[in-house]
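Okay, so here's the structure we're looking at.
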Amino acid sequence: MPFLLLYNSLKHMQKFYGGMNLQMPYDFASIESKWQERWNNAHCFESHTDTSKEKFFCLEMFPYPSGALHMGHIRNYSIGDVLARFLRKNGKNVLYTIGFDSFGMPAENAAIKYKTKPHDWTLSNIAYMTEQLKRMGYSYDWRREAITCLPEYYRWNQWIFLQMYKRGIVYQKEAPVNWCSTCGTVLANEQVVDGGCWRCGTPVTKKNLKQWFIKITDYAQELLDDIEKDLNPGWPRRVRIMQTNWIGRSEGARLSFKIPELDYELEAFTTRFDTVYGITFIALAPEHELVRKMQEKMTPEDAQKLAEFVKKVSSQTSIERSDAGAEKLGYKTPFYGIHPVTGKKIPIWIANYILIDYGTGAIMGVPAHDQRDFDFCRKYGIPIIPVINPADGTKLDGAAMPHAFEEDGIACNSGQFDGLPTAEAITKMIDWGEREGICKREVNFKLRDWLISRQRYWGTPIPFVYCDKCGVVPVPEDQLPVRLPEDVEVKEVGHSPLLDLPEFLNTTCPHCGGPARREADTMDTFFCSSWYFDRYCSPGDTKAPFEKSDVDYWMPVDQYIGGIEHACLHLIYARFFAKFLTDIGLTKYREPFTRLLTQGMVIKDGAKMSKSLGNTVDPTEMVKKYGADTIRLFILFAAPPNNDLEWSDRNVEGTHRFLNRVWRYVEDNAEKLKEYGTKIIAMNELKDSKLRDFKRKIHTTIRDVTHDIYDEKQFNTAIARLMELVNAVYSLNDDTPEAWELKREAVDVLLNCLSPFCPHITEELWEMLGHQDMLSLAAWPVADGESLVQDSVTVVVQINGKVRGKFERPAGLGREELQAGILAEKFIQDKISGKDIVKVIVVPDKLVNIVVKG
RNA sequence: GCGGGGGUGGCGGAAUGGCAGACGCGCCAGACUUAGGAUCUGGUGUCAUAGACGUAGGGGUUCAAGUCCCCUCCUCCGCACCA
């Protein structure tokens with residue numbers, strides 16, 4: 001009775017407040033927290049290494065703890081959780097957890113702005129975001145969480161870095177590096193996007209600094225080869241192509257020009273050795289080492305002019321300098337190089353369009369067959385000599401050509417090689433050049449070594465010290481971690497706070513025991529994210545970054561989910577790490593991520609949700625209003641994972657309505673459903689065609705949902721199938737015991753199949769129906785073959801390809817039988833009377849197409 | 001410029017070469033209501049009377065094309081002086 005009163009008053013409230021559309025027939029808030037607590041107490045989602053079981057490692061790109069989750073995170077993790085829950089229910093030993101990529105610049109900026117400390121700011125963000133994640137009901141094994149800014153984690157960054165040093169793939173070099181003045185630090189090549197800083201967009205300039213590099217280029221070929229060998233088809237084509245282009249392999253030859261006046265041999269790389277006879281100039285990057293040597297031999301006035309030119313070019317930002325439309329600037333030096341084939345004197349220029357860090361930083365200029373060289377020569381009046389004519393017989397004229405001829409053709413003006421088609425010319429001329437000692441076959445990559453030094457505080461200290469006596473000395477492994485001081489005030493001083501901390505900087509040399517200084521630069525945070533998944537396998541290990549047996553069992557990741565923006569950053573670094581760790585015997589997989597899913601952006605009002613555009617939707621608010629289940633379901637239903645997803649408040653309500661519909665049905669019919677929950681009626685026991693159809697619907701739903709989730713990762717259609725099942729349940733107006741047994745079967749299947757998407761409401765209803773087990777751990781239903789078989793089928797009849805009728809037929813009729821029966825139909829007879837049947841196409845159980853004439 | 005996706009109702013989106021538009025949103029009508037922005041039922045590509053036309057546009061292959069082939073347009077994304 002008290003319950004009834006409450007219920008009625010709720011109904012009244014609904015009358016008055018229902019208009020606000022927030023009155024919930026089901027109390028998602030308490031249901032969701034109830035089940036989150038139960039899962040936690042039952043340790044349901046904790047996984048253990050167990051080689052007797054088939055594993056599945058489901059991984060999501062872990063977040064940067066910026067303060068709060070955004071919808072992009074919610075989307076990413078909702079996709080992952082569905083897969084994790086689905087596979088768990090399908091008997092896999094699932095590793096599914098999360099962590100925080102918690103080093104990096106924003107913490108320093110926030111520390112200045114809010115007068116706090118990066119450490120405190122970061123950890124409090126992590127605490128808040130952890131609450132948000134828990135509130136969403138994701139089935140993480142929280143014991144495995146990895147937080148990269150804690151010494152327990154970053155000490156292994158240092159350790160791995162030292163292993164790389166030992167193997168000779170870590171080195172220090174003074175080089176012109178990408179500099180972001182806003183961030184006050186250098187950037188790796190991959191972090192320069194459209195000539196600007198990937199983080200803040202500031203145009204990047206070059207700066208000469210001594211920095212730490214990792215020789216990722218040693219792995220260029222393998223990184224390239226394995227894209228097609230191991231990542232096809234598990235990775236999206238788009239990402240494979242992006243990485244292939246980024247690595248940028250090209251085959252060609254290296255040749256050299258003697259410069260007698262400077263006693264120097266200048267090397268250049270070309271992919272078009274067949275055009276050597278067309279060389280009319282040589283061009284160097286302004287940063288080339290030869291520039292200094294030239295200046296020494298020039299008159300002071302000329303040297304000064306050259307210096308000014310170099311200064312002008314190098315002060316250009318990379319956008320100004322490398323934009324395809326940018327003006328080509330050159331400076332003619334008084335020096336000549338000797339053409340290696342013809343022996344002619346070739347003038348040497350310095351040009352802004354030559355890049356110091358590709359090839360040798362010098363080129364052979366062939367204006368007739370390279371548009372860039374062509375533009376340059378037209379501007380400075382350098383001669384143009386064609387050495388290839390088009391295959392159609394046209395003869396090119398260097399003085400009259402409107403643009404460079406870059407296509408293949410027939411060699412000319414090339415001595416003994418005249419008449420050869422381009423492909424053959426390239427091979428034969430390089431063969432000849434190698435025999436004559438003029439050139440050498442060479443492969444070049446666009447990929448550069450990974451610059452990992454950052455002039456910042458909030459990162460992993462690079463474990464090296466500088467000793468006046470011993471030089472650069474690695475910190476011994478047993479002295480790790482080199483701890484980052486946490487109690488530090490960050491100020492806007494333009495350099496790392498570590499430089500102002502004598503207690504950090506001053507140390508003793510591990511080698512000689514004398515006074516020494518620590519390296520004050522920290523590591524690029526992409527170092528942290530290159531192996532965190534290994535740590536997930538073996539969390540809390542204090543003796544090693546991870547236990548080999550754990551990693552051998554769990555790795556590689558079976559499904560990785562994240563944004564496309566990491567295609568050429570994180571996803572290349574992590575692949576490189578995998579290869580390195582395997583090479584030193586720590587692991588045995590060579591590719592870390594077997595399958596990759598790149599989810600689309602979350603869009604609102606036609607633009608990516610972002611704080612700067614002010615079009616964000618706060619997940620926490622949405623969860624408060626509709627519950628986690630609704631938000632999860634909406635985000636998975638609104639679009640397939642790889643598409644962009646348009647946020648729609650209306651559709652959120654629609655999704656919420658669907659869950660209410662499910663709730664209402666089960667609650668309103670709970671007694672009946674429980675009463676009849678005892679047996680499954682087999683298909684062959686059912687006579688009524690309506691009931692047989694209903695039974696079939698249950699099982700086709702299982703079949704289709706399973707396929708959509710696992711094979712297609714097409715969650716929107718899986719959810720649509722479940723909505724159809726709900727509609728079917730509502731529509732079955734049959735009060736017989738048989739019907740109730742079936743309805744009970746349908747509801748059980750519905751709740752089970754819906755549970756990966758909406759784990760809370762389904763657990764609650766599952767329990768309401770008297771189940772003793774936890775739905776999250778209950779086995780996924782199996783479609784019963786017999787129940788899938790159709791009794792009858794609708795056969796579409798076409799005449800000349802146009803639909804003219806539909807007929808019910810028993811399933812499984814043979815071609816002839818089906819054709820004869822259809823042709824005998826009076827309706828069809830009437831349609832084709834007086835015409836000749838040319839041909840009849842029969843697709844059993846589906847279609848008959850009658851081709852007629854006349 | 002090069003490379004890769006896309007283009008289907010009012011909207012998000014479905015369709016192993018075989019009934020285009022599943023499912024949802026929205027909209028329309030009705031029911032229950034004092035009331036409805038709740039719920040339920042029905043309808044909803046376009047034009048029309050039968051029927052025709054419809055998947056960016058044009059051509060082709062096929063008994064049959066949103067789906068395969070060729071051309072064009074539009075759009076999004078990535079790379080962009082890489083020798």
Residue that is among the aromatic types (F, W, Y), within 24 Å of the chain's Cα centre (by Cα) and part of a helix (DSSP H, G or I), where the choices are A:Y154, A:Y140: A:Y154
Within region A:707-722, tally of residues that are touching a Leu at 6+ places or on another chain (Cβ under 8 Å), assigned to a helix (DSSP H, G or I), in contact (Cβ under 8 Å) with a residue 40 or more places away in the chain and within 11 Å of RNA strand B (Cβ to nearest atom): 3
Any hit, region A:4-26, residues being more than 14 Å from A:K134 (Cβ to Cβ), open to solvent by less than 80 Å² (accessible area, probe 1.4 Å) and modelled with pLDDT of 50 or more: yes
Residue in region A:172-190 that is in a helix (DSSP H, G or I) and buried (at least 16 other Cβ atoms within 10 Å of the Cβ) present: yes
Any pair with Cβ under 9 angstrom, 6 or more apart, that starts in region A:547-573 at a residue that is without any contact (Cβ under 8 Å) to a residue 24 or more places away in the chain and within 16 Å of RNA strand B (Cβ to nearest atom) and ends at one that is open to solvent by 40 Å² or more (accessible area, probe 1.4 Å) and in a loop (DSSP other than H, G, I, E, B): A:E565/A:W198
Scope region A:444-477; condition over 27 Å from the mean Cα position of the chain (by Cα) and either within 30 Å of A:F269 (Cα to Cα) or part of a strand (DSSP E or B) (or both); matching residues: A:P461, A:F464, A:V465, A:Y466, A:C467, A:G471, A:V472, A:V473, A:P474
Qualifying positions in region A:195-215 - over 19 Å from the mean Cα position of the chain (by Cα) and either within 30 Å of A:K611 (Cα to Cα) or within 15 Å of RNA strand B (Cβ to nearest atom) (or both): A:G195, A:G196, A:C197, A:C200, A:G201, A:T202, A:P203, A:V204, A:T205, A:K206
The lone exception for A:K344 - which of (1) at pLDDT below 95; (2) basic (K, R); (3) open to solvent by 50 Å² or more (accessible area, probe 1.4 Å) it fails: (1)
Matching strands (runs of 3 or more DSSP E) fully within region A:271-360 where at least 1 residues are away from RNA strand B (no atom under 13 Å from the Cβ) and out of contact with any Cys (no Cβ under 9 Å at 6 or more places or on another chain): A:330-338, A:345-351
Any pair with Cβ under 9 angstrom, 6 or more apart, that starts in region A:503-520 at a residue that is closer than 15 Å to A:L480 by Cα and ends at one that is assigned to a strand (DSSP E or B) and charged (D, E, K, R): A:F504/A:R518; A:T507/A:R517; A:T507/A:R518
Residue list for region A:774-791, filter: outside any loop (DSSP other than H, G, I, E, B) and either more than 16 Å from RNA strand B (Cβ to nearest atom) or crowded, with 16+ Cβ neighbours inside 10 Å (or both): A:L775, A:S776, A:L777, A:G785, A:E786, A:S787
Unmet requirement for A:S314, which otherwise passes all of (1) out of contact with any Lys or Arg (no Cβ under 7 Å at 6 or more places or on another chain); (2) open to solvent by 40 Å² or more (accessible area, probe 1.4 Å); (3) in contact (Cβ under 8 Å) with a residue 40 or more places away in the chain: (1)
Check on A:L725, at negative phi and within 16 Å of RNA strand B (Cβ to nearest atom): yes
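The values are calculated or read from the model by the stated rules, or taken from the named source; none is laboratory data. None of these values were measured; they are calculated from a predicted model. In this analysis, Cβ positions are derived from the backbone assuming ideal geometry, glycine residues included, and neighbour counts consider all displayed protein chains. With ligands, DNA and RNA removed, areas are computed over all heavy atoms of the protein, side chains included. Shrake-Rupley method; radii C 1.70, N 1.55, O 1.52, S 1.80 Å.
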